[in-house]
Amino acid sequence: MHIVIAGAHGQIARRLGRLLAGRGDTVVGIVRNPDHTTDLTADGVDPVVLDLEQASADQVTDVVRGADAVVFAAGGGPDSGVARKDTVDRGAAVLLADAAEAAGVRPYLLVSSIGADSVADGAVPEGMDEGFVAYLRAKLAAEQDVLPRTGLDTTVLRPVTLTDDPGVGTVELAPHVEHGEVTRDDVAAVLVALLDHPAPGVVVELNGGNTPIDEAVAALS
């Protein structure tokens, strides 16, 4: 396959890129910082330097044209302000969707976050700080923009708290899960399985669990 990953230097995205490249797929990674290109090249990923907060839809369309699928794994990061939560976690996700539609690339995997629905309709969960509320609102807005598009086959993945422990190859995938922990290795492996066996129109939460990843993804359809 030919896969384009936005936010390709992120911790999940790099794991995903290595998995895909390691099995012979062509992987293009969009990054903002040119200093990150060396890491991607070492992973077997072809880097493209493009700032998704500044790029035009035409520029992104040129990158994704000919791809079999796109993956949005970018984020403003925990230290970014409220404004960048919107311009990256929502705006860049929408821009990638615009480009994918223009290029005729239907499969779109959106890495979101558990808890996104907790801020629906302006809700503010008790005890949640302003920055995290803004992050979840941006993720939810991206989901709401991308999911209804008839020109895309979108799958939204909402992982729980992420860890750097080694992956175990088993997870829990369901419309709603308890808020636990899941390894970044296993998130990346789930994304690979979703690329192989798409589940369009699905919003699914991901937790650590006991079901083999391929089996858990197959059950979505």
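Annotations for the structure displayed:
Listed here are the residues, each with its yes/no results for (1) assigned to a strand (DSSP E or B); (2) open to solvent by less than 20 Å² (accessible area, probe 1.4 Å); (3) closer than 19 Å to GLU53 by Cα; (4) at pLDDT below 95.
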{"residue": "ALA120", "(1), (2), (3), (4)": "no, no, no, yes"}
{"residue": "VAL124", "(1), (2), (3), (4)": "no, no, no, yes"}
{"residue": "VAL168", "(1), (2), (3), (4)": "no, no, no, no"}
{"residue": "ASP186", "(1), (2), (3), (4)": "no, yes, no, no"}
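- Boolean, VAL182 is part of a loop (DSSP other than H, G, I, E, B), without any contact (Cβ under 8 Å) to a residue 60 or more places away in the chain and closer than 17 Å to ARG15 by Cα: no
- Within the stretch 57-81, the set of residues being open to solvent by less than 50 Å² (accessible area, probe 1.4 Å) and among the polar types (S, T, N, Q) comprises THR61, SER80.
- Only residues that are within 16 Å of ALA73 (Cα to Cα) and hydrophobic (A, V, I, L, M, F, W, C) were counted across the stretch 148-181, and they come to 4.
- First in the stretch 88-105 and at pLDDT below 95 and open to solvent by less than 10 Å² (accessible area, probe 1.4 Å), second anywhere and in a helix (DSSP H, G or I) and of a type in the set (Gly, Ala, Ser), Cβ under 7 Å, 6 or more apart: ASP89/ALA138; ASP89/ALA142
- In this entry, GLY76 is excluded by the filter for residues that are more than 13 Å from the chain's Cα centre (by Cα), outside any strand (DSSP E or B) and not acidic (Asp, Glu).
- Answer from ALA120, ALA83 - the residue that is closer than 24 Å to ASN207 by Cα and out of contact with any Ser or Thr (no Cβ under 8 Å at 6 or more places or on another chain): ALA120
- Taking (1) over 23 Å from VAL146 (Cα atoms); (2) open to solvent by less than 60 Å² (accessible area, probe 1.4 Å); (3) touching a residue at least 40 places away in the same chain (Cβ under 8 Å) in turn, LEU19 satisfies each apart from (2).
- Selection of the stretch 188-213 for residues being outside any strand (DSSP E or B), open to solvent by 30 Å² or more (accessible area, probe 1.4 Å) and more than 26 Å from GLN144 (Cα to Cα) yields only ASN210.
- For LEU52: the one exception among (1) open to solvent by 50 Å² or more (accessible area, probe 1.4 Å); (2) within 16 Å of the chain's Cα centre (by Cα): (1)
The values are calculated or read from the model by the stated rules, or taken from the named source; none is laboratory data. Not measured: the values here are computed from a predicted model. Cβ coordinates were reconstructed from backbone atoms using ideal geometry, including for glycine residues, and neighbour counts include every protein chain displayed. Just so you know, the surface numbers come from the protein's heavy atoms only, side chains and all, with ligands and any DNA or RNA stripped out. Shrake-Rupley method; radii C 1.70, N 1.55, O 1.52, S 1.80 Å.
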